[in-house]
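Data block below; observations after.
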Amino acid sequence: MDLSREILRNRHRLSERQIDDFLGESTNAENQQDRLLGMQRIGAFIEVTKALCEQNIWFLNLKGPLLSQRIYGDPTYRAFRDFDLLVAPKDVNRTMQLLERHGYQSTEFAWPQSPKKQKITLHFINQVEMIHPKSGVMIEVHWKLFSTRIANPKTIRRLFEGSIESVEFGGQTLNRLSLEFELFYLIVHGGNHAWFRLKWLVDIHEILKREEIHWDTFDRIISDCNAHRQVDICNDMLQEFFPNGKQFPSKKNDTHNLGSFAIEQCKQPEGDPHISRLNTTRLTLYRWKLFPHWQHKVDVTKVITFCKTDLKYDWLPPSRFVYYLFRPVGYVLRAIGVLK
């Protein structure tokens, strides 16, 4: 596998300093422009989070500068292209309006003005992306922690609410996940994406190497969410790319095929897991097997019955039933060029 600096930077989205760590080099390749860009992004992050606090909109930062600060003691050390903000579903509309007032625009479809269309959007997807056309800063607004119901929603809510902590950043008090729950989140996030980027694995490797983890707390989260399979797949990835590093305590589930698929996805030269219909089908089957919870399997199956692209068609009635029915029609119309 070619893991040149260019591949690690562009395909796997590691910063120059992370690449040095990964390759065991000391090139000091990060230039002043890269550092300046990182500081500009941090400035945009502080501006937006301050505005959210002033409007009394509760939010929590996922990954991004707070994770970089946690691991490296430097919010610009870890590479990030966007900021992920988790807000309550009831506050999504206010958050979108706030971002629009600060110059951010939707990248895929305009946030609907109709309350009924907003409910449709909140039901079918878990996040929307906004970008500032001048600065290029991107923000992902999430209202669900995970894209699928990986466990009983009440269990996830209980664990999540007991795993929020405060941290001082940029003169503000912000919310982030506890160390053990953040590890769990990174494992699920990377696993759901079949680990096709190394950056998520690097985060976990560095946490295991640098942090003091309360394993009883972590094990309880994994057990309550029945996420042992995800942990074993992560261990397969760690063994492949960091064979001399630490791994998670494991129950050794039979995940060889799933782990092999994830390693294959990470090693493929393309950065798009949907590079072909065959790979999309294999990815769907892989995700279906990750968790035993039946609601997770239903949510994964929604990929077949719903397409996010359909949300940009304002002329569709605000009905879940209509969107499910429109899925095969929209697929055909896009395939023959009638719709874009």
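If you go through the stretch 94-132, how many residues are at negative phi and either over 22 Å from the mean Cα position of the chain (by Cα) or part of a helix (DSSP H, G or I) (or both)? I'd like the intermediate steps shown before the answer.
Just the residues of the stretch 94-132 that are at negative phi, to begin with: 94-102, 104-132.
Adding the requirement that they be either over 22 Å from the mean Cα position of the chain (by Cα) or part of a helix (DSSP H, G or I) (or both) leaves 94-102, 112-124.
Here the count works out to 22.
Give just the number: which of (1) within 28 Å of LEU37 (Cα to Cα); (2) surrounded by fewer than 19 Cβ atoms within 10 Å (Cβ to Cβ); (3) acidic (Asp, Glu) does GLU161 not satisfy?
In the conditions (1) within 28 Å of LEU37 (Cα to Cα); (2) surrounded by fewer than 19 Cβ atoms within 10 Å (Cβ to Cβ); (3) acidic (Asp, Glu), GLU161 misses (1) alone.
Which members of the stretch 137-166 meet the condition of being among the small types (Gly, Ala, Ser) and either under 19 Å from the mean Cα position of the chain (by Cα) or assigned to a helix (DSSP H, G or I) (or both)? Walk me through it before giving the result.
Step one: of the stretch 137-166, the residues among the small types (Gly, Ala, Ser) are 147, 151, 162-163, 166.
Matches in the stretch 137-166: SER147, ALA151, SER163.
Would you be able to say whether some residue in the stretch 28-35 is on the phi < 0 side of the Ramachandran plot, surrounded by fewer than 20 Cβ atoms within 10 Å (Cβ to Cβ) and under 19 Å from the mean Cα position of the chain (by Cα)? Explain how you work it out, then say what you get.
Let us first name the residues in the stretch 28-35 that are on the phi < 0 side of the Ramachandran plot, namely 29-35.
Right, trim to surrounded by fewer than 20 Cβ atoms within 10 Å (Cβ to Cβ) and you get 29-35.
The next check asks that each one be under 19 Å from the mean Cα position of the chain (by Cα); those that pass are none.
No, every residue in the stretch 28-35 fails to be on the phi < 0 side of the Ramachandran plot, surrounded by fewer than 20 Cβ atoms within 10 Å (Cβ to Cβ) and under 19 Å from the mean Cα position of the chain (by Cα).
Restrict the check to the stretch 8-24 and report whether at least one residue is in contact with a helix residue (DSSP H, G or I) (Cβ under 6 Å, 6 or more places away or on another chain) and open to solvent by 20 Å² or more (accessible area, probe 1.4 Å).
For the stretch 8-24, residues in contact with a helix residue (DSSP H, G or I) (Cβ under 6 Å, 6 or more places away or on another chain) and open to solvent by 20 Å² or more (accessible area, probe 1.4 Å): present.
Would you mind stating whether ALA88 is buried (at least 16 other Cβ atoms within 10 Å of the Cβ) and at negative phi?
Working: buried (at least 16 other Cβ atoms within 10 Å of the Cβ): no; at negative phi: yes.
No.
Select from the stretch 282-312 the residues that are out of contact with any helix residue (DSSP H, G or I) (no Cβ under 9 Å at 6 or more places or on another chain) and modelled with pLDDT under 90 and list them in ascending order.
Selection gives LYS312 alone.
The values are calculated or read from the model by the stated rules, or taken from the named source; none is laboratory data. Note that this is a predicted model, so its numbers are computed, not measured. Don't worry about glycine lacking a Cβ; one is built from the backbone with ideal geometry, like all the others, and counts go over all protein chains shown. Accessible surface is based on the protein model in full, side chains and every heavy atom, while ligands, DNA and RNA are left aside. Shrake-Rupley method; radii C 1.70, N 1.55, O 1.52, S 1.80 Å.
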